[in-house]
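Accompanying notes for the structure given below.
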């Protein structure tokens, strides 16, 4: 069973970004299981943002994407607990995290 966390944040970003938006990536889940990359697993993407306004923007952006589902906003201090709780689920997982400055949907 696949259980992976690909956390792209550095230590500064872990302290700076206060919220995250979590989504199931249906395309990557299907692709990963079809090609053998994942073993009966679900792919999740998590974007970390600096404040609640950015979290709302990211949430709306993800709601408009057909391949994303099960979208919710969380506070960053709860992220590790959420990942740990994934170990109690029957399916495996692949979680990729992204600090928002890596994405064009947010420009200051």
### Task
Test each condition in (1) in contact with a strand residue (DSSP E or B) (Cβ under 6 Å, 6 or more places away or on another chain); (2) under 19 Å from residue 2 (Cβ atoms) for residue 58 and report the one that comes out false.
(2)
### Message
As an exercise: evaluate residue 1 against (1) exposed (fewer than 13 other Cβ atoms within 10 Å of the Cβ); (2) more than 17 Å from residue 98 (Cα to Cα); (3) free of Cβ contacts under 8 Å to residues at least 60 places away in the same chain and give the number of the one condition it does not meet.
### Response
(3)
#### Entry: Selection from region 24-36 of residues that are over 11 Å from the mean Cα position of the chain (by Cα) and either buried (at least 21 other Cβ atoms within 10 Å of the Cβ) or in contact (Cβ under 8 Å) with a residue 24 or more places away in the chain (or both)
26, 27, 28, 32
### Task
Return yes or no: is residue 93 in contact with a helix residue (DSSP H, G or I) (Cβ under 6 Å, 6 or more places away or on another chain) and in contact (Cβ under 8 Å) with a residue 60 or more places away in the chain?
yes
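Could you tell me how many of the residues in region 65-108 are within 15 Å of residue 48 (Cα to Cα), modelled with pLDDT of 85 or more and not in a helix (DSSP H, G or I)? I'd like the intermediate steps shown before the answer.
So the first thing to find is which residues in region 65-108 are within 15 Å of residue 48 (Cα to Cα), and the list is 71-80, 82-83, 95-107.
Those left that are additionally modelled with pLDDT of 85 or more: 71-80, 82-83, 95-100.
Now narrow it down to the ones that are not in a helix (DSSP H, G or I): 71-75, 95-99.
Within region 65-108, residues that are within 15 Å of residue 48 (Cα to Cα), modelled with pLDDT of 85 or more and not in a helix (DSSP H, G or I) number 10.
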### Summary
All-but-one check, residue 59 against (1) in a helix (DSSP H, G or I); (2) at pLDDT below 90; (3) surrounded by 14 or more Cβ atoms within 10 Å (Cβ to Cβ), failing number (2)
### Subset of region 66-80 (residues that are within 14 Å of the chain's Cα centre (by Cα), farther than 15 Å from residue 3 by Cβ and free of Cβ contacts under 8 Å to residues at least 12 places away in the same chain)
78
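Would you confirm whether any residue within region 11-23 is closer than 23 Å to residue 91 by Cβ, in contact (Cβ under 8 Å) with a residue 24 or more places away in the chain and loosely packed, with under 15 Cβ neighbours inside 10 Å?
Narrowing region 11-23 to residues closer than 23 Å to residue 91 by Cβ: 20-23.
Narrowing further to those that are in contact (Cβ under 8 Å) with a residue 24 or more places away in the chain: 20-23.
Among the residues that remain, those that are also loosely packed, with under 15 Cβ neighbours inside 10 Å are: none.
No.
Kindly check whether there is at least one residue in region 75-88 that is within 20 Å of residue 101 (Cα to Cα) and surrounded by fewer than 16 Cβ atoms within 10 Å (Cβ to Cβ). It would help to see each step written out before you state the result.
Initially, region 75-88 is screened for residues within 20 Å of residue 101 (Cα to Cα), giving 75-77, 79.
Imposing the further condition that a residue be surrounded by fewer than 16 Cβ atoms within 10 Å (Cβ to Cβ) reduces the set to 75, 77.
There is at least one residue in region 75-88 that is within 20 Å of residue 101 (Cα to Cα) and surrounded by fewer than 16 Cβ atoms within 10 Å (Cβ to Cβ).
Looking only at region 1-27, filter to residues that are assigned to a helix (DSSP H, G or I) and under 15 Å from residue 71 (Cα atoms); which one of those is modelled with the lowest pLDDT?
27
The values are calculated or read from the model by the stated rules, or taken from the named source; none is laboratory data. Computed from a predicted structure; not experimentally measured. Note: ideal-geometry Cβ built from the backbone for every residue, glycine included; neighbour counts use all protein chains shown.
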